[in-house]
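Please read the structure below before turning to the comments.
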Amino acid sequence: MKSKEIIDVEEMYQVASYKKFPFALERGEDVWVYTSDGDRYLDLYGGHAVVATGHCHPRVVNALTEQARKLCFYSNLVYSDTRARAARTLVEIAPEPLSKVFFVNSGTEANENAMSIARRLTGRTRIISFEGGFHGRTPGSISACGLPKYRKDISPLLEGHDQAPFDDLETLTRMIGTDTAAVILEPIQSMGGVRMGGPEFYRGLRELCDEAGAMLIYDEIQTGMGRTGEFFFAGRYGVVPDLVSLAKGIASGVPMGAVLMTDDVAAEIKHGDLGTTFGGGMLAAAALEATVAVIREELLLENVRACFDYLKSDLARIPIVSEVRGLGYLLGLKFKGPTAKMVQETLLERRIITGLADDPSVLRLLPPLTLRRPEIDLFLGALREVASA
Ligand SMILES: Cc1ncc(COP(=O)(O)O)c(C=O)c1O
């Protein structure tokens, strides 16, 4: 089928919950994707911040193929060498004392479990999240969501959720107390416009949680697995949360989520307390192990850090860019003049895929960690053309 026919069929049979790009993709290779009509696009959105190692990395494809021939799935009722290696690999790259993992299937499921664990272990009910944050679409995650447009028309939301202004320790100090089970945040608010706090914010969060006996949860569904130039945001500024939720890039596109936790937290979890049929399935586990191997062997953390510096200094010289936000390959470009949507559409005409944010002046770049200088130069050239048009 050609793109036009595919679009018609999808529109006819699939719920119209997403405004889609006007093409159908057939295949991908590294930072490039190809449409059914044979056009090639540079993917600076990384398949929705998912394909950490680029599209169809041969090592990930081989790991999946080999695993599929051996055993596609068995649940957590059995032990598995593939799952064992995936769990060990994830813990090895996590900062201490994060030392145990519970595998799930998606970001929202990871957050639901992280918040449930905090409530169960503290015996408290209240969860504090932040204005501008996004944590997923299931009841607990959406109740912690600080972007009003996702919360409207679905009330009642769950009880026990309060929201604080982001990067504002003073207000949080007034809100946190002996009934607070957890404070949850995206360390860099991606959908909210790629907003990051200062180092003191994260250090203060840890201190306030410790004083109140509350757990600190980092939603690293976007910041995790190398996107910021380190494997995790956890550990930055010497701050390690009690729980870290992960998804998106951890298995390079195979659906997988995870909750990383400290030994102390894990020690309180008994048989039957948590559950999920598909979590930790062998295909996802094989993909996770291959993803980490690629990031390590191809020095992708180093690549992200170097390219971030390069991008940042060049972007700052483009007249329509008023601010470059974020870290590594979680980038927000704030524009003066055109809206992000106008820039996105013009870039799309030049066959470059980028993302929008809740803030209409911010364009998001969430490319594969394999994005390198030649393709960055293509993008910078296109953006300069947009600026001068
Ligand atoms: C920071 C963050 N948390 C949670 C989620 C929800 O993840 P999922 O769509 O896999 O449920 C997302 C998805 O965009 C996200 O960006």
Sole exception among (1) part of a loop (DSSP other than H, G, I, E, B); (2) within 25 Å of the chain's Cα centre (by Cα); (3) among the small types (Gly, Ala, Ser) for residue 313, by number: (1)
Of the residues 90, 64, 25, 42, which single one is buried (at least 16 other Cβ atoms within 10 Å of the Cβ) and touching a Lys or Arg at 6+ places or on another chain (Cβ under 7 Å)? 42
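Conditions tested, residue by residue: (1) touching a residue at least 60 places away in the same chain (Cβ under 8 Å); (2) in contact with a strand residue (DSSP E or B) (Cβ under 8 Å, 6 or more places away or on another chain); (3) of a type in the set (A, V, I, L, M); (4) under 26 Å from residue 358 (Cβ atoms).
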| site | (1), (2), (3), (4) |
| --- | --- |
| 181 | yes, yes, yes, no |
| 186 | no, yes, no, yes |
| 193 | yes, yes, no, yes |
| 222 | yes, yes, no, yes |
| 238 | no, no, no, no |
| 245 | yes, yes, no, yes |
| 261 | yes, yes, yes, no |
| 264 | yes, no, no, no |
Can you tell me which of 285, 266, 293, 247 is buried (at least 24 other Cβ atoms within 10 Å of the Cβ) and farther than 25 Å from residue 195 by Cα? 285
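Every residue, every condition in (1) within 16 Å of the ligand (Cβ to nearest atom); (2) assigned to a loop (DSSP other than H, G, I, E, B); (3) of a type in the set (D, E, K, R), yes or no:
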site	(1), (2), (3)
33	no, no, no
38	no, yes, no
47	yes, no, no
53	no, yes, no
65	no, no, no
75	no, yes, no
78	no, yes, no
Return the total of residues in the stretch 331-370 being hydrophobic (A, V, I, L, M, F, W, C), open to solvent by 40 Å² or more (accessible area, probe 1.4 Å) and not in a strand (DSSP E or B). 1
Mind checking which residues of the stretch 371-385 are over 13 Å from residue 314 (Cβ atoms) and open to solvent by less than 10 Å² (accessible area, probe 1.4 Å)? 371
Quick one: in the stretch 123-150, which of the residues that are surrounded by fewer than 20 Cβ atoms within 10 Å (Cβ to Cβ) and more than 15 Å from the ligand (Cβ to nearest atom) is farthest from the chain's Cα centre (by Cα)? 123
Within the stretch 86-115, restricting attention to residues that are farther than 18 Å from residue 240 by Cβ and part of a loop (DSSP other than H, G, I, E, B), which residue is nearest to the ligand (Cβ to nearest atom)? 106
Given the conditions (1) within 20 Å of residue 92 (Cα to Cα); (2) touching an Asp or Glu at 6+ places or on another chain (Cβ under 7 Å), and given that residue 241 satisfies all but one, which numbered condition is not satisfied? (2)
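The values are calculated or read from the model by the stated rules, or taken from the named source; none is laboratory data. These numbers were taken from a predicted model, which means no experiment stands behind them. Positions of Cβ are backbone-derived with ideal geometry, glycine not excepted, and every protein chain shown enters the neighbour counts. All accessible areas refer to the heavy atoms of the entire protein, side chains included, with ligands and DNA or RNA removed. Shrake-Rupley method; radii C 1.70, N 1.55, O 1.52, S 1.80 Å.
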